[in-house]
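J.: I have a structure here, written as structure tokens, and I will follow up with some questions on it.
Computed from the coordinates by the stated procedures, all read-outs in this text should not be read as laboratory data. Keep in mind it's a predicted model, so treat the numbers as computed, not measured. Quick reminder, even Gly has a Cβ in these numbers, built from the backbone with ideal geometry, and neighbours come from all protein chains shown.
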Amino acid sequence: MTALDELTKAYLSAQADPGFRAELARLLRDYAGRPTLLTEVPRFAAQAGGCRVFLKREDLAHTGSHKINNVLGQALLTRRMGKTRMIAETGAGQHGVATATASALLGLDCTVYMGEEDTQRQALNVARMRMLGAEVTTVTTGSRTLKDAINETFRDWVTTVGTTHYCIGSVMGPHPFPVMVRDFQRIIGVEARQQILAAAGRLPDAVIACVGGGSNAIGIFHEFIPDDGVRLIGCEAGGEGLASGRHAATVAGGSPGVIHGMRTYLLQDAEGQTQPTHSVSAGLDYPGVGPEHSWLHDTGRASYRAITDAEAMNAFSVLCRTEGIIPAIESAHALAGALQVGPELGPDGIALVNLSGRGDKDVDIAARWFGHLGQS
Amino acid sequence: MSPVTDRFASAAASNRALLIGYLPAGMPSVAGAIEAATAMVEAGADLVEIGLPYSDPLLDGPVIQEASQRALERGTRVADVLATVEAVAGTGAPVLVMTYWNPVDRYGVAAFARDLASAGGCGLITPDLTPEEAGPWLEAAAARGLDPVFLVAPSSSAERIKLITSACGGFVYAASLMGTTGMRQKVSADAAGLVRRVRECSSLPVAVGLGVSDRFQAAEVAAFADGVIVGSAFVRRLLDAPDERAGIASVRELAADLAGGVRDRTPQART
């Protein structure tokens, strides 16, 4: 709690400091490449019932995903608190790579915890983090995925809190993390709202994003929350389908509970034990969800749906072949959501999809899925 | 006064610290854990903490993580934890449950308090529940006469210690170092200072946990604390044993050794 109180104070003082905000804005512009583009994708849209579809191109941000937005903010905060080391959990490796990157940039030590199953399915990102000078620790406890990496990062943090900041990667964990990470990610929606008004002359009918912990989704949703006419749609990892029990669709298939310092929807059994999750996408393979999503669900402001592995991989392929953009498999869940929702919007409808990351890291998984490996 | 504070008072009267032993329910088996806890009491443990095995033991080191996982793999349920409490309470030693919050939340706070009390349990140690979020539990604890035990850490500010100790009943659990549970070579130098800071805010007994594994460390902690909490060292004995019988014998042996330590409050050099 002491560390969280200290972080809350440091964060509030940084937010109120024009110097801090200016430095973050400069890094986001000159280093991360913001604002990211808004791209209309008509050939993809033709597969989505003919409405207009715009992609917010977080895949074009430095390190290949939206994760850099949050990490740059927390890295500056780490330095401001006089700490010399950042630690992070990572699932797909996007957040780990972003944390390793910002650590290299600011001269901070960095340790990234990654579940053993994820180090295998995302080996390329493990190599990237090591190249950037980070130590990557393989987590072999529990289910050996994101949740266990988070446990291990917390264990490190309680031991090293004097010198170390836990750079959490999503809008989850104890306060102030969900609020702080949301604030660092809300630039996505702030930019996208202006861009779509400029490009289409009106607000979109639906904003669609994938949800694991939910940081890219909150990032793009937040600015649109007051816009009542805009549907906010979160796409969770439906794995092999809700009925199969092998999924990570926390809001769609879970119940309220407490995990990692937050009260939120949770995949748990009758006795409150966390249930194993499954998703083709390591980044969505998490049994909890940011508490603000639970709130958006309970108030009805946002809706959440489960996208199966097969639906996500189909959307992945459609975007590759219609637009020449290889999305992260996480983001492909949002694209699949657009393929489902598009027909409801009609030909005059506008869907804004957050393309949260690029798919380079997923080439191996996708190639196996589609049978592109080996001799033809 | 509760059975827990009674024990502290009588130990203080004979100028010694209490020995508090931790074991998770269901490890090596439900019956084996009951036998091991019983052996612990027979060999000199004054108070027993029964751990409720949880899938995500965030604040535990590798030893208790492994034990929790094994207990869950063997199908240990909340009902088994309550049965363990009931059996161990039969020895006459006060028994508390140590648990992460979600299983209690899921069970229902009032129902958990009711069933724990009727099993003869004396209280609950809640490492991941803050007093700010503990309202319903504090009410249920008061209604059932259970002791709510919260943790203070070396990083806790004076303000926090005040808040935490004012919510505590029975005793205050002082985590002697920053980190997860597990055996350490040396008792943390922070521990004595933390106990002193707790005593400035509270008249409750203070028990120190994290890292104690032998009688010398127990004696060292007993010199400044009212209770010495030992967990991982007991669990290690069960994990390392070739079979249940040997594990239980080993737990008994360690408890006897530690019981000597808490009665010898003058720290001495290792031989």
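J.: With +1 assigned to the C-beta of every Lys and Arg and -1 to the C-beta of every Asp and Glu, and no other charges, what is the dipole magnitude of the range A:246-363 about the Cα centre in debye, to the nearest 20?
T.: 80 debye
J.: Now, a different point. Listed highest first by mean packing, meaning other Cβ atoms within 10 Å per residue, what order do A:28-38, B:38-48 come in?
T.: Per-residue mean Cβ counts within 10 Å order the peptides as B:38-48, A:28-38.
J.: Along each of the three principal axes of the Cα atoms of the range A:1-60, give the extent in whole Å, ordering the values from largest to smallest.
T.: Ordered largest first, the range A:1-60 gives principal extents of 52, 29, 16 Å.
J.: What is the pair-distance distribution P(r) of the protein assembly as shown, computed from all Cα-Cα distances in 20 Å bins starting at 0, with each bin given as a whole percent?
T.: 19, 48, 27, 6, 0
J.: Sort A:196-207, B:76-87, B:18-29 for me by packing, meaning the mean count of neighbouring Cβ atoms within 10 Å per residue, highest on top.
T.: Result, highest mean first: B:18-29, B:76-87, A:196-207.
J.: I would also like to ask the following. Rank these for me by crowding, A:R263, A:R305, going from fewest to most other beta carbons within 10 Å.
T.: A:R263, A:R305
J.: Another one. State, as an integer percentage, the relative contact order of chain A based on alpha-carbon contacts under 8 Å between residues 6 or more apart.
T.: RCO, chain A: 19 percent.
J.: Here's another thing I want to ask about it. Dipole of chain B, Cα-centred, from +1 at each Lys and Arg C-beta and -1 at each Asp and Glu C-beta, to the nearest 20 debye?
T.: Numbers: 23 positive and 30 negative charges, 118 e Å.
About 560 debye.
J.: Once phi is turned into θ = phi - 60°, what whole-Hz ³J(HN,Hα) does the Karplus curve with 6.51, -1.76 and 1.60 give for every residue of the range B:194-201, x standing for Gly and Pro?
T.: Result, ordered by residue: 5, 4, 4, 5, 5, 5, 5, 10 Hz.
J.: While we're looking at this one, here's another question. Considering only DSSP beta bridges whose two residues both sit in chain B, what percent are antiparallel, to the nearest 5?
T.: 0 percent
J.: What ranking do B:231-238, A:129-136, B:57-64 get when scored by the average of other Cβ atoms within 10 Å per residue, highest first?
T.: Ranking the peptides B:231-238, A:129-136, B:57-64 by packing returns B:231-238, B:57-64, A:129-136.
J.: Averaged across the residues of A:149-155, what count of C-beta atoms belonging to other chains lies within 10 Å of each residue's C-beta?
T.: Mean partner shielding for this stretch: 4.
J.: For chain A, what's the radius of gyration and Dmax over Cα atoms, in angstrom?
T.: 19.1, 60
J.: Using amide H atoms built in the peptide plane, which far-off residues or other-chain residues are under 5 Å from B:S55 H to H?
T.: A:T274
J.: Determine the shape class of chain B: with a ≥ b ≥ c the square roots of the Cα gyration tensor eigenvalues, call it rounded for a/c under 1.5, and otherwise prolate if a/b is greater than b/c, oblate otherwise.
T.: Judged from the Cα gyration tensor, chain B comes out rounded (a/c under 1.5).
J.: Give me the percent of DSSP beta bridges within chain A that run antiparallel, rounded to the nearest 5.
T.: Around 25 percent antiparallel, to the nearest 5.
J.: Using only the Cα atoms of the range A:1-143, what do you get for the radius of gyration and for Dmax, in Å?
T.: Answer for the range A:1-143, Rg first and Dmax second: 17.7, 53 Å.
J.: Then there's this: Determine the dipole magnitude for chain A: charges of +1 sit on the beta-carbon of Lys and Arg, -1 on that of Asp and Glu, nothing else is charged, the reference point is the Cα centre, and the result goes in debye to the nearest 20. Can you show the working numbers first?
T.: On the way: 33 positive and 39 negative charges, 162 e Å.
Here the size comes out at about 780 debye.
J.: Moving on. Average partner chain C-beta neighbours within 10 Å, per residue of B:72-82?
T.: Neighbouring Cβ atoms belonging to other protein chains average 1 per residue here.
J.: What area, in nm² and to one decimal, does the C-alpha convex hull of the range A:228-376 cast on average over all directions?
T.: Over all viewing directions, the range A:228-376 projects a mean Cα-hull area of 10.6 nm².
J.: Here's something else I'd like to know. Amide H to amide H, which residues 5 or more places from A:Q268 or on other chains are under 5 Å from it, using H placed in the peptide plane?
T.: It is A:S255, A:Q275, by chain and number.
J.: Let me ask another. Scan around A:V139 for amide H atoms under 5 Å from its own, H built in the peptide plane at 1.01 Å from N, and keep only partners 5 or more places away or cross-chain.
T.: Here the answer is A:M114, A:G115, A:E116, since their amide H atoms fall under 5 Å of that of A:V139.
J.: 222 nm [θ] for the protein assembly as shown, helices only, -39500 (n - 2.57) per DSSP H run of 4+, per residue, to 500?
T.: Calculated at 222 nm, the ellipticity per residue is -14000 deg cm²/dmol.
J.: Something else: Give me a single rounded figure for B:52-60: the average over its residues of other chain Cβ atoms within 10 Å of their Cβ.
T.: 6
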